[in-house]
Amino acid sequence: MADHSAYIDAAAATLGLKLTAEQRKGVTTYFALAAAMAEKVQGLPLSTADESGNVFVPVAPGSDR
Amino acid sequence: MSANPDISAGAIADAVRSGRGSARDAVRASLDRIAATEPRINAFTEVLAERALRRADLVDAHPRRARMKLAGVPFAVKNLFDVAGLTTLAGSRIERSRPPAARDAALIRRLEAEGAVLVGALNMDEYAYGFTTENTHYGPTRNPHDLARVSGGSSGGSAAAVAAGQVPLTLGSDTNGSIRVPASLCGTFGLKPTFGRLPRTGSYPFVATLDHLGPFARCVADLALAYDAMQGADRDDPACAQRAVEAVSAQLDHGTAGLRVGVLGGWFRGMALTDATAAVDAVAQALGTTRLVEWPEVERARAAAFIVTCGEGAALHLDDLRQRAADFDPMTRDRFLANALIPAAWLVQAQRVRHWFARRVARVFETVDVLVAPATPCVAPPIGTEWLDVGGQRLPARASMGLLTQPVSCIGLPVVTVPLWGLSASAPHMPIGVQLIAAPWREDLCLRVAARLEAQGICSAPVARGL
C-alpha cells in the first residue's frame, strides 16, 4: 500500500488544517480508502471526448432573482 | 380522527376533506403517538406541537379544505430541511450556533399548500454522511422493528418515524442511498426521484451534484400522493429541471403488463447476502421475469460516487474543519478531514466516469423498463456493528450499507424501494428492501411496479408492534 504520509502533511498544511495525532490516524485510514477508490476511477480508460456530466448553464439576464 | 397508527395519509386526507374527521384530531393523534413511542425510537430532534396544531386549525377552517390532496396529513422532515424559526441542524452540533431559518423549505411549502401539517424535524447522520444514524450528538435512532438494531441512514429518523406509526409521511434526502437504505432497514416504502426532479431549495446540501430529496410512506399510494404534490420547477435550485408536473397517482393501477422487467446481476448479486438476493428473487418471481441484466463497470461507478462525495462534501465544511474540527461527530470528522485533501484530478475523473457510466446505462434502458436490485446487502445490523462480510471481503459495515445504492444515485435514476419480510434466516422479524429502478424521469414505472407488488402482497410496510 502506498505511503501517503508526506502528501497528507503537505496538503493539510496547505489547506490550513491542523491535524491532532488522533485525527491523523483516522485521516490516514480514510485517505487510503479514498486513494483505493480513486485507483478504480482512474483505471477506466476515457477519451478526451468523455467529458464531465456537470454542465455549466449560463445565466441569462432576468432569470436569476 | 382515528388514533390508529396504521392509518395512511390518503385515508386521513379523505376523512378531513369529507368532514368525517378533522386535521386537529389527526395531528393530535400523531403527537400522542410520538410522545408514547419517542423515548424508545429517538426519531425526532424537534416536535413542533404548537405550530402543528395551529396549522391544523387553519386547514380545518380553510375554504379549499374539501379539495386539498393532503388535508390534515401529519408529516415530518429530516432536520436538514429549513423550518421557519428553527435552526437547520443537518445532524450537527456546529450548526446549532447558526440563526434560525427564515422560511420553510420549498417541499414543506408545497406539501402544506395541499393541507399537510408539519409536526417535527427528524434525526440523521451528521451532515448526511453515514448510513446508520448512530449520531453522537443526538443519539442513535433505533429501528422500530428491533430496538437493538440501526434504523439506517442518513435519513434514519425519516424511516423510523414512518415505521413506528408516528406519522404516515416523511421527507428525507438521498445522496448515495440515504432514502433507500433506511427504507430497506426499517421496512418502509421510499422514493428517490430522478436527480433534478424535486427542488432542494431550503435544504442543507451534502454533495450538490448528487443530492436528491424524496418521501417515505407505508404504502405506494401515499408515496405517489406526496410526490405529485411536490413536483414542479424551482429556479432557486439550479439543479432542478424545468419540467412540467407529471402526476403519477392516477396511474398506479395500470399494472405491469407490457413492461420489460429485468434483474440486475454482477455487482448487485455479488455484494448482497442471501437475505437480499432472496428478496430480489421473490420480486422477480412475482413479476414473472427471469431476465438477468448487467451494467458495465459498476464498481468504478460506485467509486466515482465515493470520490465525488469526498471532494464536494468536504469542501463545503472546510472552514469548520479548520476552526473547530473537534465539534464534528467523531463518526464523520476524520472522513471529512481526509476527504478535504483529495487531489482535484481524482474529482474531475470521477465526474467523467459518472457521465460515461450514465451513457452506458441509458443504452441498457433501451431494451428494459424496470430493473430490480437489492437496496442493502443485508437486514439492519445491531447498533455498533463495525464489520460486514460480503462478496468474499470483510468490509466496514456502515459504509457497506450503501454498496448497492451508490451506483444508482451516482447517475440520478429514479428508484422506489419496497420492503419484504421474513427472508433473513438469522433475523426473520426484520425487513429488507428491493430497489425498482427506471430510466430518468420514469418514476411512474417504478411506482406502477411497486403498486403491483403491494397489491400482490409481496411487499408491505406495517407499523412496528409492541412499541
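Does B:ALA304 fit the bill of being of a type in the set (A, V, I, L, M) and in contact with a Phe, Trp or Tyr (Cβ under 8 Å, 6 or more places away or on another chain)? Yes. Pairing residues of the range A:1-18 that are closer than 16 Å to B:LEU318 by Cβ with residues that are among the hydroxyl-bearing types (Ser, Thr, Tyr), at Cβ distances under 9 Å and at least 6 apart in sequence or on separate chains, gives A:ILE8/A:THR28.
Candidates in the range B:209-225 are the residues that are of a type in the set (Gly, Ala, Ser) and within 13 Å of the chain's Cα centre (by Cα); of these, the one that is farthest from the other protein chains (Cβ to nearest Cβ) is B:ALA217. Scanning the range B:132-163 for residues that are in contact with an Asp or Glu (Cβ under 8 Å, 6 or more places away or on another chain) and among the aliphatic types (A, V, I, L, M) yields one hit, B:VAL150.
Checking each residue in the range B:121-164 for being part of a loop (DSSP other than H, G, I, E, B), surrounded by fewer than 24 Cβ atoms within 10 Å (Cβ to Cβ) and not polar (S, T, N, Q) picks out B:HIS137, B:TYR138. Identify, by number, the condition in (1) more than 21 Å from B:PRO343 (Cβ to Cβ); (2) in contact with a His (Cβ under 7 Å, 6 or more places away or on another chain) that A:LYS25 doesn't meet. Answer for A:LYS25: the failing condition is (2).
Table: residues versus (1) closer than 28 Å to B:ALA301 by Cα; (2) more than 7 Å from chain B (Cβ to nearest Cβ); (3) outside any helix (DSSP H, G or I); (4) at pLDDT 95 or above.
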position	(1), (2), (3), (4)
A:ALA2	yes, yes, yes, no
A:ALA6	no, yes, no, yes
A:ALA13	no, yes, no, yes
A:LEU19	no, no, yes, yes
A:GLY26	yes, no, no, yes
A:ALA32	yes, yes, no, yes
A:VAL41	yes, no, no, yes
A:SER52	yes, no, yes, no
A:VAL55	yes, yes, yes, no
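Would you confirm, using the coordinates I've provided, whether B:ASP146 is touching a residue at least 60 places away in the same chain (Cβ under 8 Å), under 27 Å from B:ALA71 (Cα atoms) and of a type in the set (D, E, K, R)? Taking the combined requirement at face value, the residue does not satisfy it.
Which one is nearest to A:LEU44 (Cα to Cα) among residues in the range B:281-326 that are among the basic types (Lys, Arg) and facing another protein chain (nearest Cβ under 9 Å)? Taking the candidates together, the pick is B:ARG300. In the set (1) more than 9 Å from chain A (Cβ to nearest Cβ); (2) surrounded by 21 or more Cβ atoms within 10 Å (Cβ to Cβ); (3) not in a helix (DSSP H, G or I), B:ILE342 fails one condition alone, (1). For the range B:69-104, what are the residues that are in a strand (DSSP E or B) and either buried (at least 24 other Cβ atoms within 10 Å of the Cβ) or in contact (Cβ under 8 Å) with a residue 24 or more places away in the chain (or both)? B:PRO74, B:PHE75, B:ALA76, B:VAL77, B:LYS78, B:PHE81, B:ALA101 - these are the residues of the range B:69-104 that are in a strand (DSSP E or B) and either buried (at least 24 other Cβ atoms within 10 Å of the Cβ) or in contact (Cβ under 8 Å) with a residue 24 or more places away in the chain (or both).
The values are calculated or read from the model by the stated rules, or taken from the named source; none is laboratory data. These numbers come from a predicted model, not from an experiment. Positions of Cβ are generated from backbone atoms using ideal geometry, with glycine treated the same way; all protein chains shown enter the neighbour counts.
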